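The values are calculated or read from the model by the stated rules, or taken from the named source; none is laboratory data. What you see is a predicted model, and the numbers here were worked out from it, not measured in a lab. Because the Cβ atoms are built from the backbone with ideal geometry, glycine has one as well, and the counts that use them run over all protein chains shown. Please note that ligands, DNA and RNA were not included when accessible areas were found on the heavy atoms of the full protein model with its side chains. Shrake-Rupley method; radii C 1.70, N 1.55, O 1.52, S 1.80 Å.
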Amino acid sequence: MITREIQLAAQIAGAPALDDFTVATTEVDGEVLVRTDQVGLAATYLELMRADCTIPVPAWQPGRRVGVAAIGTVIRSDSPELAVGDLVQSMTGWSEYSAGPAAQYIKLDPIADPGYYLGQGPTAYYGMADVAGVGEGDVVFVSGAAGGVGSLAGQIAKCLGAARVIGSAGSPAKVDYLVNELGYDAAFDYHDGSAADRLRELAPEGISVFFDVVGGEQYQAALQTARPGARFALCGSLSSQLGGAAERFPKPDHAAAQARGVELLPFSCYHTPDQIAAWREHFSTWLGEGRFVYPQTVVKGGIEDVPQAFLSLLQGSYRGNVSVRLS
């Protein structure tokens, strides 16, 4: 099968641009052939596109396909494990078609909105439940709360028994979205004055858990307003994602955290089968109970439109988990 895919034209050094990507035509063949229906987008992908990638996995190389999670439909199969018409998930990335051994694809239950499978739930659940250990009575602050991970993390905290969940976002509309649609107890626009002052106002007793995907000023604000013994689950640092390697993932101030009795817990989620299973089990239960909203933005277009959707994600144009449904 001849397919079009998105490749890196060159590894990215500064701010990403459309010129960093190219649409290439390649041939795919294997035990199973899959038509890609939807691809997932995540801000983390930008780090994998850099020559000085700081994530402990191989960086993506120029001339090779980029992207990770994809949902598709089997259109040819020589395997007894998968049949034509099966819905599958893979890590085959931004391509119109993919092919490979059957073991490369996970058969999915057909659902009305398969985009659910492309969300960043495993990261949010693992960070909130296993790393931060959120439970009854916790006061939780989530930075970047309208994004793919944050929009799930705050809801997970509520479902795990947190007494109060506060989020930050980049516009009044997103603040309203957090409170009125996702069930956050309070939220603030981080452009609107001091983040530390807002946290003191919204959590006068201090926060006991901080789930951070932004870093920078919001990390410092959380540190200033943390209770002794607070747990900081450090997931990312979007506020500095365009700097040099040291700036993109600055080392947290361990001395200041230790002085305040704060436990720093940096983590990465590798979406292992156990992590995915734990998320899906709880997500299905909470969704069925009406306690959870799945926040997502679905962009429609061809494979050539995926890079622009990715750049728009990095610019904060979307809410929730973002995917592109290929037409």
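Every residue, every condition in (1) out of contact with any strand residue (DSSP E or B) (no Cβ under 6 Å at 6 or more places or on another chain); (2) at pLDDT 95 or above; (3) of a type outside the set (Asp, Glu), yes or no:
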residue: Cys53; (1), (2), (3): yes, no, yes
residue: Ile71; (1), (2), (3): no, yes, yes
residue: Ile75; (1), (2), (3): no, yes, yes
residue: Pro80; (1), (2), (3): yes, yes, yes
residue: Gly85; (1), (2), (3): yes, yes, yes
residue: Gly133; (1), (2), (3): yes, yes, yes
residue: Gly137; (1), (2), (3): yes, yes, yes
*Are there any pairs, at least 6 apart or on different chains, whose C-beta atoms fall under 6 Å, with the first in the range 279-290 and closer than 14 Å to Tyr117 by Cα and open to solvent by less than 70 Å² (accessible area, probe 1.4 Å) and the second of a type outside the set (Gly, Ala, Ser) and part of a helix (DSSP H, G or I), and if so, which?*
Trp279/Pro122; Trp279/Tyr125
*Entirely in the range 223-327, the strands (runs of 3 or more DSSP E) that have 1 or more residues that are among the acidic types (Asp, Glu), modelled with pLDDT of 90 or more and farther than 30 Å from Val23 by Cα*: 263-266
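May I ask you to list the residues in the range 150-160 that are out of contact with any strand residue (DSSP E or B) (no Cβ under 6 Å at 6 or more places or on another chain) and not in a loop (DSSP other than H, G, I, E, B)?
Keep residues of the range 150-160 that are out of contact with any strand residue (DSSP E or B) (no Cβ under 6 Å at 6 or more places or on another chain), which gives 151-152, 155-156, 159-160.
Once the filter is applied, which keeps residues that are out of contact with any strand residue (DSSP E or B) (no Cβ under 6 Å at 6 or more places or on another chain) and not in a loop (DSSP other than H, G, I, E, B), the range 150-160 yields Ser151, Leu152, Gln155, Ile156, Cys159.
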*Looking at the range 132-166, which of its residues are closer than 17 Å to Phe283 by Cα and of a type in the set (Val, Ile, Thr)?*
Val134, Val149, Ile156
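Name every residue in the range 255-271 that is within 26 Å of Gly119 (Cβ to Cβ) and either small (Gly, Ala, Ser) or in contact with a helix residue (DSSP H, G or I) (Cβ under 8 Å, 6 or more places away or on another chain) (or both), in order of residue number. First the steps, then the outcome.
Going residue by residue through the range 255-271, those that are within 26 Å of Gly119 (Cβ to Cβ) are 265-271.
Of everything in the range 255-271, those that are within 26 Å of Gly119 (Cβ to Cβ) and either small (Gly, Ala, Ser) or in contact with a helix residue (DSSP H, G or I) (Cβ under 8 Å, 6 or more places away or on another chain) (or both) turn out to be Leu265, Phe267, Ser268, Cys269, His271.
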_Filter result (in a helix (DSSP H, G or I) and either of a type in the set (D, E, K, R) or open to solvent by 60 Å² or more (accessible area, probe 1.4 Å) (or both)) within the range 161-198_ = Pro172, Ala173, Lys174, Asp176, Asn180, Asp197, Arg198
*If you check every pair at least six apart or on different chains, which have Cβ atoms under 6 Å apart with a residue in the range 66-94 that is without any contact (Cβ under 8 Å) to a residue 24 or more places away in the chain first and a residue that is of a type in the set (A, V, I, L, M) second?*
Val84/Val74; Asp86/Val74; Met91/Val68
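Restricting attention to the range 199-230, report how many residues are open to solvent by 50 Å² or more (accessible area, probe 1.4 Å) and either in contact with a strand residue (DSSP E or B) (Cβ under 6 Å, 6 or more places away or on another chain) or free of Cβ contacts under 8 Å to residues at least 60 places away in the same chain (or both).
Filtering the range 199-230 for residues open to solvent by 50 Å² or more (accessible area, probe 1.4 Å) gives 200-201, 204-205, 217, 220, 224, 227-228.
Still in the running and either in contact with a strand residue (DSSP E or B) (Cβ under 6 Å, 6 or more places away or on another chain) or free of Cβ contacts under 8 Å to residues at least 60 places away in the same chain (or both): 200-201, 204, 217, 220, 224, 227-228.
Selection size over the range 199-230: 8.
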*Counting only residues that are surrounded by 20 or more Cβ atoms within 10 Å (Cβ to Cβ) and in contact with an Asp or Glu (Cβ under 6 Å, 6 or more places away or on another chain), how many does the range 105-136 have?*
0
*asked:* open to solvent by 50 Å² or more (accessible area, probe 1.4 Å), assigned to a loop (DSSP other than H, G, I, E, B) and more than 25 Å from Gln120 (Cα to Cα): is that true of Pro62 in this structure?
replied: yes
*Is one or more of the residues making up the range 73-88 of a type in the set (Gly, Ala, Ser), part of a strand (DSSP E or B) and under 29 Å from Gln11 (Cβ atoms)?*
no
*asked:* I'm checking my understanding of the structure. Among residues of the range 90-111 that are part of a strand (DSSP E or B) and within 21 Å of the chain's Cα centre (by Cα), which one is modelled with the highest pLDDT?
replied: Ser95
*Restricting to the range 26-51, what's the tally of residues that are modelled with pLDDT under 95 and either polar (S, T, N, Q) or over 24 Å from the mean Cα position of the chain (by Cα) (or both)?*
1
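How many residues does the range 20-38 hold that are part of a loop (DSSP other than H, G, I, E, B) and surrounded by fewer than 16 Cβ atoms within 10 Å (Cβ to Cβ)? Steps first, please.
Residues of the range 20-38 part of a loop (DSSP other than H, G, I, E, B): 28-31.
From the residues that got through so far, the ones that are surrounded by fewer than 16 Cβ atoms within 10 Å (Cβ to Cβ) too are 29.
Final tally of qualifying residues: 1.
Please pick out the residue among Glu201, Glu217 that is over 25 Å from Asp130 (Cα atoms), modelled with pLDDT under 95 and outside any loop (DSSP other than H, G, I, E, B). Can you show your working first?
Details: Glu201 fails: modelled with pLDDT under 95.
The conditions single out Glu217.
Counting just the residues of the range 1-19 that are assigned to a strand (DSSP E or B) and not aliphatic (A, V, I, L, M), which one comes out farthest from Asp52 (Cα to Cα)? Working first, answer last.
Step one: filter the range 1-19 for residues assigned to a strand (DSSP E or B), giving 2-8, 12.
Cutting the leftovers down to not aliphatic (A, V, I, L, M) gives us 3-5, 7.
Numbers: Thr3: 30, Arg4: 28, Glu5: 24, Gln7: 18 Å.
Within the range 1-19, the match that is farthest from Asp52 (Cα to Cα) is Thr3.
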_So for the range 167-190 (the condition being under 24 Å from Ala278 (Cβ atoms) and among the polar types (S, T, N, Q)), does at least one residue qualify?_
no
